[in-house]
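Undergrad: Mind looking over this structure? Questions follow.
Since every read-out is calculated from the coordinates, none of them should be taken as a lab result. What you are looking at is a predicted structure, and each value in this text was computed from that prediction instead of being measured. Note that we place each Cβ from the backbone using ideal geometry, even for glycine, and neighbour counts take in every protein chain shown.
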Amino acid sequence: MKSILDTVARWLPGTPEIAMVLGSGLGAVVDEFTDLSVLPMSDIPGFPTISVSGHAGNILFGACSGKNVLAFQGRIHMYEGHSWTEASLPAHIAAECGARILLSTNAAGGINPLLDPGDLMLIRDLVVPFPLPRRWYVPDSPAPVARTGFTGFLIDQKLADDARDVAAESGLPLRQGTYAFVSGPTYETRAEIRFLRRSGADAVGMSTLPEILTARKCGLRTIAVSAITNVASTVPEILTHEDVKDQARLLLPRFSRLLREIISNL
Ligand code: HPA
């Protein structure tokens, strides 16, 4: 990991205030950035291989809403077989590069019947339904970590309040809710969706937890937004990654605008 951090730090043209991880099909958010520098992840020796389509596989540095942003256009998912540490790499890089905030974005399935495909949801809390091996949580923790109260710590509620307010002031619809992290690689069965709904989740996805948990541990403030790409509870036949990317493409202009407003206010 040290050599990866060193490579990115050597390339970095400036100091980022904010780091942003872009979810499936959401990478084009950086099209609005100015003064863009691009580092292909494949040019970084030892960097995990990103195999999922819809993730360009670049690290970018540029200006967005007047702020220096380090963006990960491509995510390292555990469902691709990567370890917790690998999936958390963007947070370690963000911390090493001096970012003070990690903004995580993802594509998610809506569980709450009030959420429609195309909605954008500010994550207020997380459900991690299954006990994770301890090494998933905090690989270098010297002691066991309490589960109780664990999720409340993950999202910076002040940043979330500010994002909610700036969206309202800008007239951009933004829902709020709880995100359930599942490991994948399969989408959920209907029974699992009912289970997650009862556990308090509004949306479900296979990312975000590793990076925001690690970011918090590294002392960064965290904020996360889901793009609802499908209705998880009524998945008609078979939900595919292509369906998710198609919906992400449709909501991308609104999503980009929301992120610009949120970033301008951070
Ligand atoms: N389930 C899990 N992950 C997802 C979904 C879903 O329905 N949609 C987008 N990512």
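Undergrad: Over what distance in Å are the Cα centres of the stretch 1-77 and the stretch 199-266 separated?
TA: Centre-to-centre distance over Cα atoms comes out at 17 Å.
Undergrad: Size of the stretch 23-100 along its principal axes in angstrom, Cα-based, largest extent first?
TA: 37, 26, 20
Undergrad: Restricting things to Cα coordinates, could you compute the convex hull volume per residue of the stretch 2-265 in Å³? Don't jump to the answer; show the numbers that get you there.
TA: Working: hull volume 30.3 nm³, N = 264.
Convex hull volume per residue, Cα atoms: 115 Å³.
Undergrad: Among the DSSP beta bridges whose two residues both lie in the chain, what percent are antiparallel, rounded to the nearest 5?
TA: On the way: 17 of 45 bridges.
If we restrict to bridges inside the chain, about 40 percent are antiparallel.
Undergrad: Cut-off 10 angstrom, C-alpha nodes, Gaussian network model of the chain. Which of Asp119, Asp31, Asp162 fluctuates the most?
TA: The residue with the greatest mean-square fluctuation here is Asp31.
Undergrad: Within 10 Å, at most 16 other Cβ atoms, and a DSSP state outside H, G, I, E, B define an exposed site. Report the longest part of the chain free of exposed trypsin sites (Lys or Arg not before Pro). If you can, show how the numbers build up before the last one.
TA: On the way: sites that count: Arg100, Arg147.
It runs 148-266.
Undergrad: Can you compute the charge dipole magnitude of the chain about its Cα centre, using +1 on each Lys and Arg Cβ and -1 on each Asp and Glu Cβ, nothing else charged? Give it in debye, rounded to the nearest 20. Kindly include the intermediate steps, with their values, before the conclusion.
TA: On the way: 24 positive and 27 negative charges, 132 e Å.
It comes to approximately 640 debye.
Undergrad: Then there's this: If you restrict to DSSP beta bridges whose two residues both lie in the stretch 1-142, what percentage is antiparallel, to the nearest 5? Mind dumping the intermediate values first?
TA: Details: 12 of 21 bridges.
Antiparallel: roughly 55 percent of the beta bridges in the stretch 1-142.
Undergrad: Taking the chain as a Gaussian network, where each spring joins two C-alpha atoms under 10 Å apart, which residue of Gly219, Gly118, Gly74 fluctuates the most?
TA: Gly219
Undergrad: Using the count of nearby Cβ atoms within 10 Å as a rough guide to exposure, how do His82, His55 rank from fewest to most?
TA: Result, fewest neighbours first: His82, His55.
Undergrad: Hey, another quick one. Placing +1 on the Cβ of each Lys and Arg and -1 on the Cβ of each Asp and Glu in the chain, which of Ala63, Leu251, Tyr187 has its Cα farthest towards the positive end of the resulting dipole?
TA: Final value for the positive-end residue is Tyr187.
Undergrad: Compute log10 of I(q)/I(0) for the stretch 152-244 with the Debye formula, placing one identical point scatterer on every Cα and leaving out solvent, at q = 0.14, 0.17, 0.21 Å⁻¹, to two decimals.
TA: Computed log10 I(q)/I(0) values: -0.62, -0.87, -1.15.
Undergrad: Run the numbers for Asp31 and Leu172: contour at 0.36 nm per residue of separation, minus the present Cα-Cα distance, in nm.
TA: Details: separation 141, 0.36 × 141 = 50.76 nm, distance 1.98 nm.
Here the segment from Asp31 to Leu172 would lengthen by 48.8 nm.
Undergrad: With a cut-off of 8 Å between alpha carbons and a minimum separation of six or more residues, what is the relative contact order of the stretch 2-265 in percent? Spell out each step's value before the answer.
TA: Numbers: 543 pairs, mean separation 71.0, N = 264.
Averaging sequence separation for qualifying contacts and normalising by length gives 27 percent for the stretch 2-265.
Undergrad: Roughly what would the spin-label model give for Asn265 and Asp116, points 7 Å off Cα along C-beta, in nm?
TA: Result for the modelled spin labels: 2.3 nm.
Undergrad: Just to be sure I understand: with springs between alpha-carbon atoms less than 10 Å apart, which residue in Val38, Val29, Val225 has the highest mean-square fluctuation in the Gaussian network model of the chain?
TA: Val38
Undergrad: Calculate the FRET efficiency for Cys218 and Thr49 from the Cβ-Cβ distance with a Förster distance of 30 Å, rounded to the nearest 0.05. Before the final figure, lay out the partial values.
TA: Working: r = 24 Å, r/R0 = 0.80.
Efficiency for this residue pair is about 0.80.
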